Amino acid sequence: MERRAFLKAGGASLASALMGSGMLTWSARSEAATISQTLYITDGTKTMPDGVSVYVKGYGTTANTPLIPAPSIICQEGDTLSITVYNMLSVTHNLVIGGLVSGSAPIASTGDIAPGGNKTLTYTIPSGAAGSYLFYDNKTSYNRFLGLHGGLAIMPAGISNQLYSGSPTFVKQQFWILNDIDPALNTAVKNGTTIPTNFTPRYFTINGLSSRPPGAAGHGDPTIDALYDPRSRLSGHVGDRTLVRMLNTGMCSHAVHTHANHMEWLTDRGTIRPAVWKKDTLYLRNNLGKIDAIFPFEAPPDAYPPVTSGHFPMHLHDEMSQTAGGGLYQFGSMTELEFL
Amino acid sequence: MGMNGGSGGGGGGMGSACYVYPGAPATPGFVTPDVLFQRGIYMNGSMTFDDGNSVTIWGFTDLAAGGGGGMTGGSFPSPAMRVTEGQIVHTALTVNMMWMHTVHHHGIEPSQENDGVGHFSWDVTNGTYTYQWRPSHAGTYFYHCHTNTPLHAEMGMYGGLIVDPVPNPNDPPGTKRAFANGPIYDVEAIWAADEIDPAWHTLQWSAGTCGGDVGLNNLNPRYFIITGVDGASSALTNPGVAVTMQKGQRLLVRYICAGFHPQKIDFGGLTATVVASDGRPLPQAWQTTSIEAHSAERYDCIFQPTTTGTWTVTVTYYHWRSGAVLGTARTRINVV
């Protein structure tokens with residue numbers, strides 16, 4: 001077991017270990033804690049890159065602003081999660097924590113939360129549960145597409161730098177939560193009309209944002225531009241090995257392609273791979289697919305003369321996902337890999 | 001992010017193009033290369049399918065071999081590049097002022113300037129930019145244009161890129177290995193499996209870049225091809241795709257998922273020994289009769305059939321959202 005960086009928490013109840021501004025920060029504890037979080041199911045609109053306003057729902061930390069995705073939660077095996085969810089909307093919702101293995105049943109649920117009501121999910125995390133999880137609304141098959149989703153990282157007990165006990169080590173960790181938006185669905189939900197059965201996504205997001213290339217309005221704004229969103233962008237010096245917890249909450253399968261470095265592929269759909277392959281492109285399944293991989297931040301190996309700094313994209317190679325509204329290449333699901 | 005070499009970057013762009021970054025600057029740290037590829041582009045090629053229909057194809061030309069530039073045709077896929085680990089390579093891309101293109105050597109990881117991504121460097125136009133790189137890992141790669149990428153890659157602007165290992169001095173001359181100390185092979189096939197949506201093949205090079213719905217979120221392929229050959233029937237016998245080998249020989253199939261939808265390649269009952277993926281050897285070889293892959297993944301597969309016969313290889317293409325089968329492409333391995 002990793003012996004460094006143990007911090008005594010004394011079993012105290014911790015304000016939720018969430019992070020609104022960037023990468024997941026974590027220090028291992030020698031004792032379990034209760035991780036508390038309050039979320040509000042609310043709705044609103046988001047402006048897409050082509051100016052189209054789309055109805056969304058999300059789990060926010062205030063009663064009137066949806067956050068998409070919800071603030072990430074990080075905890076460790078043995079902790080108890082206590083998530084209280086208020087439903088501010090006029091239809092029933094819920095929050096479940098999806099199973100570790102894609103396709104398996106959720107491990108915890110609030111149960112139905114009536115309009116105006118609230119429920120508290122309490123779940124003590126067993127040993128062996130370390131990994132990456134999506135929490136979301138499964139009251140319908142499509143609520144998560146609307147924005148009702150977030151990431152949960154469960155660390156191995158007492159370990160600060162491994163995905164699971166004995167995994168390759170990292171020094172940073174982040175979520176890439178991918179979603180696809182067909183506004184016809186969102187509009188139907190808003191208006192209470194028939195839900196479409198044949199979705200055609202028109203917008204593609206990573207951690208709730210799309211990219212904006214140089215010259216575009218919002219380029220460089222970390223609240224608009226996924227290239228600069230610190231939740232998404234990987235930024236580091238050579239050696240800053242970064243674990244990326246990729247969760248696909250959307251409709252489409254994706255090919256996650258990093259420039260500059262191959263990734264170390266640790267898990268697929270919640271299952272530890274029998275061997276670590278080095279890949280520049282990873283097949284991230286739809287239907288709640290997930291992948292854990294380490295971006296190693298090695299000097300780009302094929303540069304001549306050698307370099308240790310530069311800026312590169314991570315984009316999805318299913319290139320339809322790099323568009324918005326049927327055009328606008330470079331306004332899709334993409335972020336930046338920054339070698340400092 | 002920075003480094004755009006062009007005049008003004010996004011917004012208005014040139015003509016009807018937006019968010020393009022025109023440039024053709026000098027290559028930083030330029031040195032004399034070991035290998036030089038001179039690539040032009042063509043924008044008026046075509047591919048005819050087994051049903052008699054055809055679509056416009058764009059691609060890269062080999063200027064050193066007399067390839068034209070611009071309003072001509074050319075080979076599809078584009079001429080392959082083949083280099084040896086450790087060589088300093090130049091890819092000199094020449095584009096006239098009518099268009100913008102880049103070369104991204106997919107899986108090769110050079111400096112930012114030489115990565116061929118327009119908005120991280122420049123879209124080449126009205127001149128030549130020389131991409132300088134030195135491959136450090138043998139394996140299977142491919143190169144493609146990274147300007148308005150959904151359209152330009154779909155239009156055919158890609159070609160194979162093979163990095164061979166440095167020959168082992170202890171091997172007999174002519175020995176071919178997949179990577180240093182990797183498996184020896186006698187016969188090689190490059191299968192780039194792609195899908196074609198004819199509706200996309202009527203668009204102009206900068207379609208959609210200024211906004212407007214040109215359908216680039218929605219690829220509905222009607223044709224399914226392997227290395228530029230229709231997989232409906234032609235690829236079953238086309239000598240550039242179908243393999244004919246002697247019993248006892250070793251075949252290396254370099255499978256490139258060159259489309260945008262996920263695929264599954266089934267080897268028709270043969271068992272592949274997968275030895276590498278994405279230009280990296282696997283820690284342990286993987287035995288399988290089929291592979292599921294998504295856009296731009298590559299798998300290097302060794303076959304050593306022990307009997308004569310014919311095996312039909314089928315690539316099945318699945319819709320990225322629904323998972324519905326969109327179509328298939330087939331070729332063969334003939335062991336004589």
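The values are calculated or read from the model by the stated rules, or taken from the named source; none is laboratory data. Just so you know, these numbers come straight off a predicted model, no measurement behind them. A quick note on method: Cβ atoms are made from the backbone with ideal geometry, for glycine too, and the neighbour counts reach across all protein chains shown.
Regarding residue B:254, is this residue under 20 Å from residue B:314 (Cα atoms), under 23 Å from the mean Cα position of the chain (by Cα) and of a type in the set (Lys, Arg)? Yes. For the range B:134-149, the set of residues classified as in contact with a Phe, Trp or Tyr (Cβ under 6 Å, 6 or more places away or on another chain) and facing another protein chain (nearest Cβ under 9 Å) consists of B:134, B:148, listed by residue number. Between a first residue in the range B:305-332 that is within 14 Å of another protein chain (Cβ to nearest Cβ) and over 11 Å from residue B:266 (Cα atoms) and a second residue that is small (Gly, Ala, Ser) and loosely packed, with under 15 Cβ neighbours inside 10 Å, which pairs have beta carbons less than 9 Å apart while being 6 or more apart in sequence or on different chains? The qualifying pairs are B:318/B:324. On the basis of being facing another protein chain (nearest Cβ under 8 Å), part of a loop (DSSP other than H, G, I, E, B) and either free of Cβ contacts under 8 Å to residues at least 60 places away in the same chain or within 16 Å of residue A:207 (Cβ to Cβ) (or both), does residue A:329 make the cut? So residue A:329 fits the description; yes. Residue-level check: of (1) within 12 Å of chain A (Cβ to nearest Cβ); (2) not in a strand (DSSP E or B), residue B:74 misses just (1). For the range B:103-133, the set of residues classified as away from chain A (no Cβ under 11 Å) and of a type in the set (Val, Ile, Thr) consists of B:103, B:124, B:125, B:128, B:130, listed by residue number. Pairs meeting the criteria (first residue in the range B:110-123 and more than 12 Å from residue A:259 (Cα to Cα) and touching a residue at least 60 places away in the same chain (Cβ under 8 Å), second residue of a type in the set (D, E, K, R) and outside any helix (DSSP H, G or I), beta carbons under 8 Å, at least 6 apart or on different chains) are B:121/B:115. Of the candidates B:295, B:290, the single residue that is in contact with a Cys (Cβ under 9 Å, 6 or more places away or on another chain), in contact (Cβ under 8 Å) with a residue 24 or more places away in the chain and closer than 30 Å to residue A:199 by Cβ is B:295.
Residues that are part of a helix (DSSP H, G or I) and β-branched (Val, Ile, Thr) within the range B:189-206 comprise just one, B:202. Hey, any hits in the range A:67-88 for a residue that's crowded, with 18+ Cβ neighbours inside 10 Å, more than 30 Å from residue A:213 (Cα to Cα), in contact (Cβ under 8 Å) with a residue 12 or more places away in the chain and of a type in the set (D, E, K, R)? Checked against the condition, which is being crowded, with 18+ Cβ neighbours inside 10 Å, more than 30 Å from residue A:213 (Cα to Cα), in contact (Cβ under 8 Å) with a residue 12 or more places away in the chain and of a type in the set (D, E, K, R), the range A:67-88 yields at least one hit.
Residue B:210 fulfils the conditions (1) within 14 Å of chain A (Cβ to nearest Cβ); (2) among the hydrophobic types (A, V, I, L, M, F, W, C); (3) within 25 Å of residue B:73 (Cα to Cα) except for a single criterion, (3).
Between B:186, B:164, B:194, the distinction of being within 30 Å of residue A:320 (Cβ to Cβ) and of a type in the set (Asp, Glu) belongs to B:194 only. Screening the candidates B:227, B:237 for the property of being of a type outside the set (Asp, Glu) and either farther than 22 Å from residue B:44 by Cβ or within 12 Å of another protein chain (Cβ to nearest Cβ) (or both) yields one hit, B:237. Just so you know, in the range B:174-203 the residues that are within 12 Å of chain A (Cβ to nearest Cβ) and within 18 Å of the chain's Cα centre (by Cα) include one that is surrounded by the most Cβ atoms within 10 Å (Cβ to Cβ), and it is B:195.
Being buried (at least 19 other Cβ atoms within 10 Å of the Cβ), of a type in the set (Gly, Ala, Ser), within 14 Å of chain A (Cβ to nearest Cβ) and in contact (Cβ under 8 Å) with a residue 12 or more places away in the chain is a property that residue B:285 lacks.
Condition check ((1) outside the structural domain of residue A:39 (by TED's automatic domain parsing); (2) of a type in the set (Gly, Ala, Ser); (3) outside any loop (DSSP other than H, G, I, E, B)) across all residues:
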| residue | (1), (2), (3) |
| --- | --- |
| A:106 | no, no, no |
| A:115 | no, no, no |
| A:122 | no, no, yes |
| A:145 | no, no, yes |
| A:167 | yes, yes, no |
| A:178 | yes, no, yes |
| A:187 | yes, no, yes |
| A:190 | yes, no, yes |
| A:193 | yes, no, no |
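Residues that are in a loop (DSSP other than H, G, I, E, B) and closer than 14 Å to residue A:261 by Cβ within the range A:227-246 comprise A:237, A:238, A:239, A:240, A:241, listed in sequence order. For the residues A:227, A:247, A:234, A:266, the requirement of being under 22 Å from the mean Cα position of the chain (by Cα) and more than 14 Å from every other protein chain (Cβ to nearest Cβ) singles out A:247. The residues listed here are A:215, A:151; of these, the one that is outside any helix (DSSP H, G or I) and in contact with a Gly (Cβ under 7 Å, 6 or more places away or on another chain) is A:215.
Would you confirm whether or not the range B:161-173 contains a residue that is away from every other protein chain (no Cβ under 14 Å) and crowded, with 24+ Cβ neighbours inside 10 Å? No - not one qualifying residue is present in the range B:161-173. As for the range B:168-180, it holds no residue that is in the same structural domain as residue B:258 (by TED's automatic domain parsing) and without any contact (Cβ under 8 Å) to a residue 60 or more places away in the chain.
Residue count for the range B:41-66 under the criterion of being of a type outside the set (Phe, Trp, Tyr) and either closer than 16 Å to residue B:128 by Cα or under 18 Å from the mean Cα position of the chain (by Cα) (or both): the result is 12.
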